[in-house]
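Here, each number is a calculation from the coordinates, and none is a lab measurement. In this text, all values refer to a predicted model and were calculated from it rather than measured experimentally. Cβ: placed from backbone, ideal geometry, glycine included. Neighbour counts: every protein chain shown.
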Amino acid sequence: QTDPLPSWNDGAAKKTITDFVKMTTEKGSAKFVAPEARIAVFDQDGTTWVEQPMYTQVIYCLERVPAVVKAKPELAKVEPSKTVLSGDREAMAKFTMPQLEMILAATLTGMTVDEFNGEVKKWLATAKHPRSKQLYTDLAYEPMLEAMKLFRGNGYKTYFVTGGGQDFVRMYSEQVYGIPPEQVVGSAGATHFGYDKSGKPTLTKVAKLLLNDDSA
């Protein structure tokens, strides 16, 4: 038989996964799981997406700062926007969590959900990692992609439950991981229902974080 996990070292971890899939899908097994009840949940941080020098979503937010400053020029002279505009990556890598939260709040709110999705989609199509020069969507961890494929090939629905940004991850999860948007659960910003100038209903992203703490 073809090895379903070719990137994994032969050992206890690999055997545990393949044995689990076999005993939960083989009829007559004491641990058989009915097809409609098969669910496999994956994390993203420390597991699948590239994290160095920073998480992909943080890079996206940093690269959006110039557009935010263009709309609000007064931010150019205050931190942490000032450091981001300087291009000093070493200094940016030392941002504190409150500073990163300020950047996320400034770059991920004040737009409609459709506008946000469009911006992320456009960025993902062209943004490349500074060291590898590869698209961020090409930098997923191959062993975990194999594990997801193995579970799906045996009737499991695969989900992401992550502390990362739900809306951001949903924009590429199906393309990169084979996990559809509705099967991604993560931290999400609140939205405000309203109408645009033409009277069309809209959902606008606002600066209130609904955190999914997947470490619990």
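Of all alpha-carbon pairs in the range 85-167, indicate the percentage at a distance above 18 angstrom. Counting pairs separated by more than 18 Å, the tail of P(r) holds 66 percent.
Estimated translational diffusion coefficient (Stokes-Einstein, Kirkwood radius over Cα pairs, 25 °C, 0.890 mPa s) of the range 120-167: 190 µm² per second. Let me know the number of lysine pairs in the range 120-214 closer than 20 Å at the Cα, not counting same-chain pairs under 8 apart. So the count works out to 6.
Distance between the C-alpha centres of the range 169-188 and the range 1-77: 10 Å, rounded to the whole angstrom. Taking a point 7 angstrom from the Cα of THR96 along the C-beta vector, which residues in the range 62-84 have backbone N less than 12 Å away? Within reach of a label on THR96, which here means backbone N under 12 Å from a point 7 Å along Cα→Cβ, the range 62-84 contributes 80. For the range 108-207, the Kirkwood hydrodynamic radius from C-alpha pairs, put into Stokes-Einstein at 10 °C and a viscosity of 1.306 mPa s, yields a diffusion coefficient of 104 µm² per second.
Look at the alpha carbon pairs under 8 Å that are at least 6 residues apart: their mean separation over the length of the range 94-216 gives a relative contact order of 26 percent. Projecting the Cα atoms of TYR177, THR191, GLY163 onto the charge dipole of the range 161-208 (Cβ charges, centred on the Cα centre) puts THR191 farthest toward the positive pole. Note on PHE32 and LYS149: with the Förster distance fixed at 25 Å, the Cβ-Cβ geometry gives a FRET efficiency of about 0.70. Computed over neighbours whose Cβ is under 13 Å from that of ASP167, the net charge equals -1, Lys and Arg +1, Asp and Glu -1. Against the main long axis of the alpha-carbon atoms of the chain, helix 142-152 sits at an angle near 60°.
On a per residue basis, the convex hull of the C-alpha atoms belonging to the range 1-84 measures out at 179 Å³. Taking each DSSP H run with n ≥ 4 as -39500 (n - 2.57) and averaging over every residue of the chain yields -11500 deg cm²/dmol at 222 nm. For the chain, the normalised intensity computed at q = 0.10, 0.17, 0.18 Å⁻¹ comes to -0.55, -1.24, -1.35 (log10 of I(q)/I(0), Debye sum over alpha carbons, equal scatterers, no solvent).
In the chain, the longest principal axis of the Cα atoms and the axis of helix 56-71 are about 20 degrees apart. Take every pair of alpha-carbon atoms less than 8 Å apart whose residues are at least six positions apart; their mean separation over the length of the chain yields a relative contact order of 24 percent.
Using a Gaussian network model on the chain with a 10 Å cutoff between Cα atoms, which of GLY189, GLY153, GLY165 fluctuates the most? Its mean-square fluctuation being the largest, the pick is GLY153.
Within the range 1-47, the proportion of Cα pairs with more than 16 Å between them is 53 percent. Largest mean-square fluctuation among PRO53, PRO98, PRO181, in a Gaussian network model of the chain whose springs join Cα atoms under 10 Å apart, belongs to PRO98. Spacing of the modelled spin labels on SER132 and ALA12, each 7 Å from Cα toward Cβ, amounts to 2.9 nm. For the range 59-216, DSSP calls about 75 percent of its internal beta bridges antiparallel. Site-free segments of the chain were taken between trypsin sites (Lys or Arg not before Pro) in DSSP loops having at most 16 other Cβ atoms within 10 Å, sites themselves excluded; the longest one is 134-196.
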